[in-house]
Every structure is written in C-alpha cells, then in structure tokens.
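What follows draws every value from the coordinates through simple rules; no lab data is involved. Keep in mind that what you see is a predicted model, and the values were worked out from it rather than measured. Ideal geometry is used to build each Cβ from the backbone, glycine not excepted, and the neighbour counts take in all protein chains shown.
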Amino acid sequence: MKKSSDSPIILLLSRVISPYIMLFGLYVIFHGHYSPGGGFQGGTMLAASILLIRIAMEEKVYEMQFKKSFDIPLGALGVLIFFGVGLIAMLLGGNFLDHHFLPIDWLAPADVRFMGILFVEVGVGLAVMTILVAIYDNLLEDDDA
Amino acid sequence: MHWELELVLYVFLVIAALVSLYVKDLLTAVVSLSVFSYVLAMLFVSMGAIDVGFTEAVVGAGVTGVLFVVMIYKTSRRSND
C-alpha cells in the first residue's frame, strides 16, 4: 500500500472527491449545534477524506498533504482545546463546560454559548480526525511482514 | 410509515449480514459488512434517529471498511510456520 495505484481512474477520482468530503466534514462540524452531526461525525468525515488520499497515492504524495508525525501532536491539541474550554469555564466560577462563564465579554450571552460549543466541536473534530489517521498509519508501520 | 420500503431494507439487511458471515473471501465480507452498515443507517434515519444514522453511515460504511481492508492486506491466509 506504499506504492501509488496504477489505475488512472482511481487516482483522478480520489483526487477530485477528497476535497468535497473534507468540505462537507467542515460543514458538519460548524453546523453541529443546530443540525444533525457534530464534532465526531465531522472529524470522521475529515479522516475519511485523508484516508482516501492515503490509500490511492504513494507515500511521498500523502506526506505532503498531512504528515505522519503530525498525527499524535494534533490529536493532543484537540483534546487540549476540549478540556481547556471546559476548565476555563470552571476556573471562572461555573461548572465544567458551562459556556456561559467564558471570558468573551463583548458578545451577547447567546453568542458566548455559541462560541463555546463551537470551540468544543472543533477540538473534538480535530482529535477524532487525527486519531483515526494515526490508527491507519500505525497499522501500516512495519510493512515488511 | 412506508412499511413496504422498510421491509425491503430489512430483507437487504439480513441478506448482507448472512453474506458477510458465510462468504469465503474476506474482501467480499468487508464490502458486504459496509453494505450492512449503510442499510442499517438508512433504517435508523427512517426510524427518526438521524444523528445515529449519520454516525453509523460515516463510521460503519466509511472508516472501518478502510481499516478492515488494510488488515486484510497485512495478513495472509495460511501461516508460514
């Protein structure tokens, strides 16, 4: 699976379809609070678009799209965003993930909650995407078997 | 509401599950399992659980199929011992 696919149809179709899957994944993440979907589903769709390129192309190409060494640090960053938003609200006097207490004073209270849940969704999506890609990369790591 | 449509979906569900259980070729089993997940997602949506159906379609028919195919490529049918 380290080699590129031979079929030009697979190469062209994966190259064309992958950005649209990624765009729809971003839509699902950013509209997660008032439509079906959310951070987990959107992150899984982003991971699917990256895995499509990883299956079809060779290693030199997909390393240019999303580096293998970025998997675990970005996943940790996603978890950090999720827990950071919760802990900021907790340190400022509310409960865990109580977005009303976030220090965004220049917005209306409804917009503060909106921004809080948006940050949480982005963190969850980032963590899910990178960990699913990391599972794929770890499966392919010792390829001489 | 449309019980005829749901009946067709249930028949496809059972057929896909039986094919993925009894077929010899592992790649066919993985594809049939993806079909099972997709039909199950449509059934969830028809029962009103859109969020569950969305998760099932994305995870079951998308990512686990990829991971299973990778695992088939990593293993061989007979052992070399």
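Convex hull volume of the C-alpha atoms in segment A:66-115, normalised per residue: 82 Å³. Based on C-alpha pairs under 8 angstrom that are at least 6 apart in sequence, segment A:8-139 has a relative contact order of 31 percent. Spin-label model, A:Phe83 to B:Leu5: label points 7 Å out along the Cα-to-beta-carbon direction sit 4.5 nm apart. Over every pair of different alpha-carbon atoms in segment A:77-145, take the mean of 1/r and invert it; report that Kirkwood radius in Å. Every distinct Cα pair counted, the radius reaches 13.5 Å. Specify the longest stretch of chain A that does not include any exposed loop site, a site being one of the chymotrypsin sites (Phe, Trp or Tyr not before Pro) with a non-H, G, I, E, B DSSP assignment and at most 13 other Cβ atoms within 10 Å. Formally, the longest exposed-site-free interval is A:35-95. Counting only residues at least eight positions apart within a chain, or on another chain, the aspartates and glutamates with an alpha carbon under 16 Å from that of A:Lys60 are A:Asp6, A:Asp137, A:Glu141, A:Asp143.
The equivalent ellipsoid of chain A has semi-axes of 36, 17, 9 Å, largest first, where each one is the square root of 5 times an eigenvalue of the Cα gyration tensor.
Note on B:Glu56, A:Glu141, A:Glu58: ascending count of other Cβ atoms within 10 Å places them as A:Glu141, A:Glu58, B:Glu56, the fewest first. For segment B:3-74, the direction-averaged projected area of the alpha-carbon convex hull comes to 4.5 nm². Relative to the longest principal axis of chain A, what angle (0 to 90°, nearest 10) does the C-alpha long axis of helix A:39-56 take? The helix A:39-56 is inclined about 20 degrees to chain A. Separation of segment A:38-57 from segment B:1-70 is 19 Å, based on Cα centroids. Each Cα pair under 8 Å and six or more residues apart adds its separation to the average, and for chain B the resulting relative contact order is 26 percent. For chain A, the longest principal axis of the Cα atoms and the long axis of helix A:71-91 meet at an angle of about 10 degrees. Counting only whole DSSP H helices of chain B, the ones at least 18 Å long by C-alpha along their axis and with mean Kyte-Doolittle hydropathy no lower than 1.6 are B:3-22, B:26-46.
Cross-linked pairs A:Lys67/B:Lys74; A:Lys3/A:Lys68; A:Lys68/B:Lys24: Cα-Cα separations exceed 28 Å for A:Lys68/B:Lys24.
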